[in-house]
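The values are calculated or read from the model by the stated rules, or taken from the named source; none is laboratory data. Model, not experiment: these values are computed from the prediction. Backbone-built Cβ (ideal geometry, glycine too); neighbour counts: all protein chains shown.
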Amino acid sequence: MARQGGGRLLTFIVWLTGVIVSLAVAFGMIGKTLTIPFIPVAITAFFGWVVVITTILGIILVLIKI
């Protein structure tokens, strides 16, 4: 029984880490700190916003599921 609770905690920590990394990368792309070679900055910023929106949607879906 204790192992199952630990698995849930580990799953949450991994999920939370993914959310934080996704948002960090997205805001780096939006702020033009993180660029991709040979891709215009405007396109990089657009996809940064796509990552922010999909990450927020993922958070909302997880909260609805709980």
- [ ] Answer with yes or no whether residue 19 is in contact (Cβ under 8 Å) with a residue 40 or more places away in the chain and in contact with a Gly (Cβ under 9 Å, 6 or more places away or on another chain).
- [x] yes
TODO: Would you check if residue 50 is within 11 Å of the chain's Cα centre (by Cα) and either hydrophobic (A, V, I, L, M, F, W, C) or assigned to a helix (DSSP H, G or I) (or both)?
DONE: yes
Open item on the list: If a residue must be of a type in the set (Gly, Ala, Ser), assigned to a helix (DSSP H, G or I) and exposed (fewer than 13 other Cβ atoms within 10 Å of the Cβ), how many such residues does the range 29-47 contain?
Closed with: 1
TODO: Name every residue in the range 3-28 that is among the hydroxyl-bearing types (Ser, Thr, Tyr) and modelled with pLDDT under 90, in order of residue number.
DONE: 11
Open item on the list: Let me spell it out: the conditions are (1) among the aliphatic types (A, V, I, L, M); (2) assigned to a helix (DSSP H, G or I); (3) over 17 Å from the mean Cα position of the chain (by Cα), and residue 26 meets all of them except one. Which number is the exception?
Closed with: (3)
